1. Enumerate the amide H contacts of Trp61 below 5 Å, restricted to partners 5 or more residues apart or on another chain; note that Pro and chain-start residues carry no placed amide H.
2. Setting aside same-chain residues fewer than 8 positions from Lys88, which lysines have a Cα under 25 Å from its Cα?
3. Membrane-span-like helices in the chain: DSSP H runs reaching 27 Å or more (Cα, own axis), mean Kyte hydropathy at least -1.0?
Amino acid sequence: MTTVSTVKRWHAPLLRLVFWFGRHSEAAIGRLKAMRVIALARWTLLPDASAARYLLFETNWSGADATYIPDFALLMRLQWQAIWGNTKGFPGSFPTSRLLEFITTVDCGADHFWSDYDDGSTTQVIVSALALERELATFARDTRGLAPDELAERWASFATKVQQWL
């Protein structure tokens, strides 16, 4: 899905703040990442002659088309309000029938869809790899300089703990 919507006058700085918060806070996207159905989602402010005037939204997901918008309207209600609430015509997340009408008016369709993902590049695999990377860094820091017997014991515990991500 690719949408382009008009940003309300003087709302681009607020959108930049919302995007900054989204990049730096797990609270903004934690529930979304837990669902593991989004392969790509990004918002971009597009400039007009002198200012950011349009909001480009691109997304790619592995769920059912019919439930994508209603599911995420429920899950990401505040986030969507913080983002699309700064655009003209956004009716809010509920009722979803009005939201779907809005999206139909701003949807440009997909001109490009990348589908040649490696088997190891699904959203679930990437999220697991990132979690494992954090745990491994902590393990390496916490076990530096341990005696071999103690390291072996900690390694067995670590391997059990991270099994879900392997």
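Derivation of every value follows stated rules applied to the coordinates shown; laboratory data play no part. If you're wondering where the values come from, they're calculated on a predicted model, not measured in any experiment.
1. Those lying under 5 Å, H to H, from Trp61 are Ala39.
2. Lys8
3. On the way: long enough: 123-143 (30 Å, 0.40).
Correct list, ordered by number: 123-143.
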